[in-house]
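Read-outs: derived from the displayed coordinates by stated rules, not from any lab. Given the structure is predicted, the values throughout are model-derived calculations rather than measurements. All Cβ positions, even for glycine, are placed from backbone atoms using ideal geometry, and neighbour counts span all protein chains on display.
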Amino acid sequence: MAELMVVGFEGKHRAAEVLNQLEDIDLSFEIDLKDAVAVYRTDDGKLRVDQSAQPTTKEGAAWGAMLGGLVGAALLAPFTLGASAAVAATTLGAGLFTGGVTGAAIGGDDADTWKKTYGISDDFVKEVGGMVQPGQSAVFVLARASNPVATAEKFRGYGGKVLRTTLPKESAAKFEQVMTPATAAR
């Protein structure tokens, strides 16, 4: 079973550094990273997604719009043969627009549905992200580790604080102890 952890950090981009390291470990098959999101809160109080292992709703909509636009234009291209340049441009533009709008709706909905069903939903990120103060960041991780102790050791010194987890209390306390820099533990 995959475990969900949210770890908070001082510094806007510390969580993104941790997420980059998690993605590297995922490539080495030490963990099975289902989903991960790094967020930070700006000085004016807005919660921003720094990066995400899976597409967010906005990213899904952007990809859907691009692919839908290309498909829409490609489908109408044969109907422009022999037409004037103005008619051809209008036809291709209509296909690009219609396909782009449809693709954006489908791509955004698909990414949102996947996140809600299998990953870390945008709503959960916003809810728990309320604990992140200006100038701080957090990483949300949904993963399964083959060797949790060895994986946790790779994060020694990042200085994170566990904000929420599905780990048992003893395991969460051990993880938080590992995250604390050696100089702060003394």
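Count the net charge of all other residues whose Cβ sits under 13 Å from the Cβ of Asp32, scoring Lys and Arg as +1 and Asp and Glu as -1. Don't skip to the end; give the middle numbers.
Values: positive: Lys34, Arg144; negative: Glu3, Glu23, Asp26, Glu30, Asp35.
Taking every other residue near Asp32 into account, the sum is -3.
In nm, to one decimal, how far is the Ser84 label point from the Glu17 one, both placed 7 Å along Cα→Cβ?
6.2 nm
Which order do Ser137, Ser28 fall in if you start with the one that has the fewest other Cβ atoms within 10 Å? Could you put the intermediate results ahead of the total?
On the way: Ser137 26, Ser28 7.
Neighbour counts put them in this order, fewest first: Ser28, Ser137.
Arranged by the count of other C-beta atoms within 10 angstrom, fewest first, what order do Thr42, Thr90 take? The partial results should precede the final answer.
Values: Thr42 11, Thr90 14.
By the 10 Å Cβ count, ascending, the order reads Thr42, Thr90.
Tell me, what is the FRET efficiency for Arg48 and Arg144 to the nearest 0.05, using R0 = 41 angstrom and their Cβ-Cβ distance as r? Mind showing how you got there, number by number?
Numbers: r = 28 Å, r/R0 = 0.68.
Efficiency, from the Cβ-Cβ distance: 0.90.
For a quick check: with amide H placed at 1.01 Å from N, whose amide H comes under 5 Å from Met131's, ignoring anything fewer than 5 positions away on the same chain?
Under 5 Å from the amide H of Met131 lies no amide H from a residue far enough along the sequence or on another chain.
Within a Cβ distance under 14 Å of Lys46, other residues only, what is the Lys/Arg minus Asp/Glu net charge?
Details: positive: Lys12, Arg41, Arg48, Lys126; negative: Asp43, Asp44, Asp50.
Once all neighbours under 14 Å are counted, the net charge is +1.
Tell me the label-point distance for the pair Thr98, Gln133, using the 7 Å Cα-to-Cβ offset, in nm and rounded to one decimal.
In this crude label model, Thr98 to Gln133 measures out at 5.5 nm.
Could you line up Leu76, Leu163, Leu27 from fewest to most neighbouring Cβ atoms inside 10 Å? Display every interim value, and only then the final one.
On the way: Leu76 19, Leu163 16, Leu27 10.
Ordered from fewest to most neighbouring Cβ atoms within 10 Å, Leu76, Leu163, Leu27 come out as Leu27, Leu163, Leu76.
Apply the Karplus curve 6.51 cos²θ - 1.76 cosθ + 1.60, θ = phi - 60°, to the phi angles in segment 70-83 and return the couplings in whole Hz, x for Gly and Pro.
Values per residue, Gly and Pro as x: 5, 5, x, 5, 5, 5, 8, 4, x, 7, 9, 4, x, 8 Hz.
Tabulate in residue order the Karplus-calculated ³J(HN,Hα) for segment 88-102, using 6.51 cos²θ - 1.76 cosθ + 1.60 with θ = phi - 60°, rounded to whole Hz; enter x for Gly and Pro.
Using θ = phi - 60°, the values come out as 4, 5, 5, 5, 5, x, 5, x, 5, 5, 4, x, x, 5, 5 Hz.
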